[in-house]
Amino acid sequence: MSGDRTGSAHGSTVPRTAAQIRGIQRERDLVKRLRDMGYFAVRMPGSMGTFDVLASRVNEDTWETFLRFIEVKSTQAGPYAGFGPADRAALLAEAELAGAEASLCWWPKNKEPQFIRSENWP
C-alpha cells in the first residue's frame, strides 16, 4: 500500500503515509459500521474541516433527526494525540451550530473503536 497516492488540485500526486492510509481506512470502516447500525453515514474526504464522518438517523416515532459529527483518530499515542484543544473547540462549535452531537471515534490498530462524546473530552 505504500504506493497509494492522492491527487492534488494541480494534477500532481503525493504519496500517503501508512498512518494516513490507516486513518482513511478507519473512516471507511466506521461509515460501514454506522450504516449497518441504521445510520446514514458519509466520509468527508479532503474536507480538511473539523470532522471526518457525518452520520444521521431519524427516530421513526417522532421524525426527529439525530445528527453526529465524528472525528476519527487511529493513533496509538492516545485519543487526543493530533486532536488538541483548538481542534476540539472548533468541532464542538460547528456541531452546536448545526444542532449535532460532536464525537471522537478513537480506533487504534488491533483494537475496537471507542466513541468519546464531547462532554467527556478533557
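With respect to the conditions (1) under 11 Å from the mean Cα position of the chain (by Cα); (2) without any contact (Cβ under 8 Å) to a residue 24 or more places away in the chain, LEU97 lacks only one, and its number is (1).
Return the residue satisfying two criteria in turn: it lies in the stretch 39-50 and is small (Gly, Ala, Ser) and surrounded by 11 or more Cβ atoms within 10 Å (Cβ to Cβ), and of such residues it is modelled with the highest pLDDT. The selected residue is ALA41. With respect to LYS109, determine if the residue is touching a residue at least 60 places away in the same chain (Cβ under 8 Å) and among the charged types (D, E, K, R). Spelling it out, LYS109 is indeed touching a residue at least 60 places away in the same chain (Cβ under 8 Å) and among the charged types (D, E, K, R).
On the stretch given as the stretch 54-86, residues that are touching a residue at least 12 places away in the same chain (Cβ under 8 Å) and of a type in the set (Ser, Thr, Tyr) total 4. Sort out which residues of the stretch 51-69 are over 18 Å from GLN20 (Cβ atoms) and surrounded by 13 or more Cβ atoms within 10 Å (Cβ to Cβ), and write them in order of number. Residues satisfying the conditions are LEU54, ALA55, SER56, ARG57, VAL58, PHE66, LEU67, ARG68, PHE69. Scanning the stretch 70-88 for residues that are loosely packed, with under 14 Cβ neighbours inside 10 Å and either within 16 Å of the chain's Cα centre (by Cα) or not hydrophobic (A, V, I, L, M, F, W, C) (or both) turns up GLN76, GLY78, ALA81, GLY84, PRO85.
Residue check: LEU92 meets all listed conditions (1) in contact with a helix residue (DSSP H, G or I) (Cβ under 7 Å, 6 or more places away or on another chain); (2) under 22 Å from ILE24 (Cβ atoms) but one, namely (2).
Considering every residue within the stretch 23-36, establish whether at least one is out of contact with any Lys or Arg (no Cβ under 6 Å at 6 or more places or on another chain), not β-branched (Val, Ile, Thr) and not in a helix (DSSP H, G or I).
The initial filter retains those residues of the stretch 23-36 that are out of contact with any Lys or Arg (no Cβ under 6 Å at 6 or more places or on another chain), namely 23-26, 28-30, 32-36.
After this cut, where a residue has to be not β-branched (Val, Ile, Thr) as well, the list is 23, 25-26, 28-30, 32-36.
Adding the requirement that they be not in a helix (DSSP H, G or I) leaves none.
Among the residues of the stretch 23-36, not one is out of contact with any Lys or Arg (no Cβ under 6 Å at 6 or more places or on another chain), not β-branched (Val, Ile, Thr) and not in a helix (DSSP H, G or I), which makes the answer no.
The values are calculated or read from the model by the stated rules, or taken from the named source; none is laboratory data. Bear in mind the structure is a predicted one, so any value in this text is a computation, not a measurement. Positions of Cβ are backbone-derived with ideal geometry, glycine not excepted, and every protein chain shown enters the neighbour counts.
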